Amino acid sequence: MGFYEDVINAARNERDAAVKNLVLGWHSSFLSTPDGRWGIGCVPNSRKEAHLSRESHTSSIMNASLFQLAELIVSPFPQEFAAATAACAALLPFPHEGFPLDAILPCARGDKVAALGYEREVVPMMRDWGWKLAIFDDLHCSPDCFPVSEFPEGAKGADWVWLTPEALRDRWLPSTADILKTKKGCFLQGPGLPYLAKSFAALGVTHLVTPAAKSCINGQSKNIRSYIAAGGDPWLCPELEWRVHFTNKQM
């Protein structure tokens, strides 16, 4: 639980607030506070498990502060995890710097990459970049897709690893940390990641991939919220760009 304790402790060092808006969309979640902070979170894939609504979960989420939602980062329940990751992103936002997603294009060209989870918008880019993919996902059938249960062995034989944010919820990230530390690098993709570079680095993560607003135009977060509420995917949102942050502060 060390990593999750780091998240909760870091969140509690920030300023608590009430929640003004909370949206749990098809592909991601969104949260904002009266003081202008906002964050985009991860909604687990509904095809992997039924998203059952529990009244007790809904009531606690609706009445929770930022701190209380962030503490749900340890929850395996999709509803709570979606709210928690949005709260963590709001409490511990990434800096405005970072590098465009294309900046990572050359690093794994020709190398074997084990990807945990099939990201529809990302996999074609990886293939175009010349990455030799092995995708570990139970919902897709193709020559380069394998059962999730085989991920640890697949990661051992890979040069790089790419993780989706659900690796936090299902504990693949901490449970495979010893393997990740032996790789050339490990990407952890958002949304819903807190900016805790040292804590992620301790688990073997070298690159954090997160969505960021393209500009600081007043009202932009409202447009992003509306996009997510309408079922939009952050990968396709015209007001977001994906940035890469290095946990060791180096390019």
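Readers should treat all values here as calculations from the given coordinates under stated rules, not as data from a laboratory. Every value quoted in this text rests on a predicted model; they were computed, and no experiment measured them.
Nearest 10 degrees is fine. How inclined is helix 78-91 to the longest principal axis of the chain, computing both from alpha carbons? For helix 78-91, the angle is close to 80 degrees. Total lysine pairs in the chain at Cα distances under 13 Å, for residues eight or more apart or on different chains: 9. A quarter of the convex hull surface defined by the alpha-carbon atoms of the chain gives 12.6 nm² as the mean projection. Helical runs (DSSP H, four residues minimum) scored at -39500 (n - 2.57) apiece and divided by the length of the chain put the mean residue ellipticity at 222 nm at -7500 deg cm²/dmol. Among the DSSP beta bridges whose two residues both lie in the chain, what percent are antiparallel, rounded to the nearest 5? Looking only at bridges with both residues in the chain, the antiparallel portion is about 50 percent.
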